[in-house]
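Below is a structure I'd like to ask you about.
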Amino acid sequence: MAVAGLIGAALLGTAFDRRSVLILFGAMIAADLDSFVGLVSVVGHRTAFHTLLVPITAAVVLLVDLRRGEGSWVRRRWGPRGVRITWVTIVAYAGAAIGLDLFSAGGANPFWPLHDQFYVIDGKIELSSRRGIVQTFVDLGSERGGDASSSETVARGTSRDVNVSTGIDPNPDGGDTAEPVDRVFPVVRSGWQLLVLVVGTTVTAARFYVDQTVPAE
C-alpha cells in the first residue's frame, strides 16, 4: 500500500485525490486475493494474481483501446484523467503488488502460467577497488571466467512445490497439526519495510495537503 501511494503521489499529478488513491489501493488488495485461490487450488498466493501477465495484459488492452482515438472507451468514459489513473494503476500493480513480493522472502511466480517457477530476487551491487563493479543478483561467472560472485537470486520451485502461508490459509501444505492455528497477517518484517511503510504513508498523506504550485519570488 505504501509503495503504491508513493507511485501515485509521483505519477498521478493533478489526478491525485482520494478516489484515485483508493483505486490504487484496491488494485493492491486485488493482487492478494489469490490467497483465497489457494484454498481450492495448488495455484495459490503469489501465483494466480502475482504473474506479470496481469499488468502486461492490462497495458496491451489499454494501448489497443487508446489507439482508437476519440473512439477509445476509457477516454470517452473517464477522459484524460481516467487514462492516467489506469496507467498509474498498472505501474503500481507491477511494481508494488508483484515487485515487492518478488524481492522479499517467499518470492513470487512472475511468469505463471507460461513458466511455472517461484523466484526470490536478492543480492547486492558494490564498487570494489580490486574487483570493480560486483553484483550478485545474476550469476555472470560463466561469462567472466568464474570471477563473478555467485548469484543470490533463488529459484524455489513450481506452484506445486511452493506453498506460501497466509492469514487466510496458514497451513497451505495441508499437514495435520495438534497446535492451535495461528493466522498471521504480515505488516512489517524487516527494517527496510518499516522505512518504506513510514515514508510511503507520510508522503501519500502529505500529498493531499501540500500545495503543488510554487509561488513566484
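Say a paramagnetic label sat at a point 7 Å from the Cα of A205, along Cα to Cβ; which residues of segment 12-35 have their backbone N under 20 Å from it?
16-26
Along segment 48-57, what does the Karplus equation 6.51 cos²θ - 1.76 cosθ + 1.60 (θ = phi - 60°) give for ³J(HN,Hα), rounded to whole Hz, x for Gly and Pro?
4, 10, 10, 8, 5, 5, 5, x, 5, 4
In addition: From the backbone phi of segment 7-19, what are the Karplus-calculated ³J(HN,Hα) couplings (6.51 cos²θ - 1.76 cosθ + 1.60, θ = phi - 60°) in whole Hz, Gly and Pro given as x?
For segment 7-19, the Karplus-derived couplings read 4, x, 4, 7, 10, 6, x, 6, 7, 6, 7, 4, 5 Hz, x marking Gly and Pro.
Continuing with this model, one more query. Which cross-chain or sequence-distant (5 or more) residues have an amide H under 5 Å from the amide H of R156, H modelled 1.01 Å from N in plane?
F118, Y119, V120
Out of V88, V120, V184, any idea which swings most in a Gaussian network model of the chain, alpha carbons joined below 10 Å?
Highest fluctuation of the listed residues: V184.
Moving on to the next point. For F49, what residues show an amide H to amide H distance below 5 Å, using hydrogens built from the backbone and excluding near sequence neighbours?
Under 5 Å from the amide H of F49: D34.
On a full-extension model of 0.36 nm per residue, what is the gain between V64 and R81, subtracting their alpha-carbon distance, rounded to one decimal in nm?
That pair, V64 and R81, stretches by 4.3 nm at full extension.
Right, here's the next one. Out of segment 1-86, which trypsin sites (Lys or Arg not before Pro) are coil in DSSP terms and have no more than 14 other C-beta atoms within 10 Å?
The qualifying sites are R67, R68.
Read the figures in this text as sums done on the coordinates, not as results from a lab. Given the structure is predicted, the values throughout are model-derived calculations rather than measurements. Please note: Cβ atoms are built from the backbone with ideal geometry, for glycine as well, and neighbour counts cover all protein chains shown.
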